[in-house]
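The values are calculated or read from the model by the stated rules, or taken from the named source; none is laboratory data. On a predicted model such as this, the values are computed, not experimentally measured, just so you know. Please note: Cβ atoms are built from the backbone with ideal geometry, for glycine as well, and neighbour counts cover all protein chains shown.
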Amino acid sequence: MTYSFKAVQETIAAHAIPVQFDNSNPANNAVLHELHHIWTPDVRVFTHNRDELYRWDGFLPPAEFVPRMLCGFAMAHLRSKRYDRAEALYEQVLREYSTSYAAPEAQYYLGVSRYRRDPESDELLTQWAQLASRYPQSEYRVKQSFKELPKPAVPPAKS
């Protein structure tokens, strides 16, 4: 259903070679079993060696599919240490799909990508501060909140 939309097709074609397996066709059972397939759609980003770099299961309408797919391609670049490409895609999600469910993920990993590129930069904390401000109820806000936890008290030494 979602795949027929032009924006979805263009997003996939710009970044990947799509492969689709019909899970109702018994001829595909072996590969689906090998992939531990459980639900449709089952969307994944692989390397040419079939190393999985990103995945999600379940339907998303086009307005959510496109930013989620962009985050998937960005994560593939991030895991492959192509930080500039990852950053460009995360920035695109934040610029064009700032209200999507994928936007907090993009904000979080934009900071991670910039930190991985330059650990001396303050971009990780800058992006995470924006995450806290823009998406305070998101899962990714919770993931970055460890930076704000108070230091645990050190128990007194036993004598």
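Determine, yes or no, whether Ser98 is assigned to a loop (DSSP other than H, G, I, E, B) and either free of Cβ contacts under 8 Å to residues at least 40 places away in the same chain or not acidic (Asp, Glu) (or both).
Details: assigned to a loop (DSSP other than H, G, I, E, B): yes; either free of Cβ contacts under 8 Å to residues at least 40 places away in the same chain or not acidic (Asp, Glu) (or both): yes.
Answer is yes for this residue.
Just to verify a result, which residue in region 1-36, among those that are hydrophobic (A, V, I, L, M, F, W, C) and over 26 Å from Arg79 (Cα atoms), is modelled with the lowest pLDDT? Explain how you work it out, then say what you get.
In the first step, residues of region 1-36 are kept if they are hydrophobic (A, V, I, L, M, F, W, C); the result is 1, 5, 7-8, 12-14, 16-17, 19, 21, 27, 30-32, 35.
Pick out the ones that are also over 26 Å from Arg79 (Cα atoms) and you get 1, 5, 27, 30.
Numbers: Met1: 71, Phe5: 94, Ala27: 95, Ala30: 93.
Selected residue: Met1.
If I go through region 91-120 residue by residue, how many of them are of a type in the set (Gly, Ala, Ser) and either more than 10 Å from the chain's Cα centre (by Cα) or surrounded by fewer than 20 Cβ atoms within 10 Å (Cβ to Cβ) (or both)?
Here is the first cut: in region 91-120, the ones of a type in the set (Gly, Ala, Ser) are 98, 100, 102-103, 106, 111, 113.
Adding the requirement that they be either more than 10 Å from the chain's Cα centre (by Cα) or surrounded by fewer than 20 Cβ atoms within 10 Å (Cβ to Cβ) (or both) leaves 98, 100, 111, 113.
The qualifying residues number 4.
Look at region 1-36 and say how many of its residues are of a type in the set (Phe, Trp, Tyr) and in a helix (DSSP H, G or I).
Keep residues of region 1-36 that are of a type in the set (Phe, Trp, Tyr), which gives 3, 5, 21.
With in a helix (DSSP H, G or I) added as a condition, the list becomes 3.
Looking only at that region, the number is 1.
Within region 46-64, work out how many residues are surrounded by 13 or more Cβ atoms within 10 Å (Cβ to Cβ), among the hydroxyl-bearing types (Ser, Thr, Tyr) and part of a loop (DSSP other than H, G, I, E, B).
So the count comes out to 0.
Inspect all residues belonging to region 121-128 and state whether any of them is out of contact with any Gly (no Cβ under 7 Å at 6 or more places or on another chain), surrounded by fewer than 16 Cβ atoms within 10 Å (Cβ to Cβ) and closer than 30 Å to Lys6 by Cα.
Scanning region 121-128, I find no residue that is out of contact with any Gly (no Cβ under 7 Å at 6 or more places or on another chain), surrounded by fewer than 16 Cβ atoms within 10 Å (Cβ to Cβ) and closer than 30 Å to Lys6 by Cα, so the answer is no.
Please enumerate the residues belonging to region 74-90 that are surrounded by fewer than 24 Cβ atoms within 10 Å (Cβ to Cβ) and under 9 Å from the mean Cα position of the chain (by Cα).
Matches in region 74-90: Met75, Ala76.
Please determine, by comparing only the residues of region 81-113 that are of a type in the set (Asp, Glu) and out of contact with any Ser or Thr (no Cβ under 9 Å at 6 or more places or on another chain), which one is farthest from Glu123 (Cα to Cα).
Here the answer is Glu96.
Every residue, every condition in (1) part of a helix (DSSP H, G or I); (2) at pLDDT 95 or above; (3) in contact with a strand residue (DSSP E or B) (Cβ under 9 Å, 6 or more places away or on another chain), yes or no:
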| residue | (1), (2), (3) |
| --- | --- |
| Ile38 | no, no, yes |
| Arg44 | no, no, yes |
| Val66 | yes, yes, no |
| Phe73 | yes, yes, yes |
| Glu105 | yes, yes, no |
| Ser145 | yes, no, no |
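Is there any pair linking a residue in region 80-94 that is of a type in the set (Val, Ile, Thr) to one that is not in a helix (DSSP H, G or I), with Cβ under 9 Å and at least six apart or on different chains, and which?
Once the first residue is of a type in the set (Val, Ile, Thr) and sits in region 80-94, its partners that are not in a helix (DSSP H, G or I) give Val93/Ser100; Val93/Ala102.
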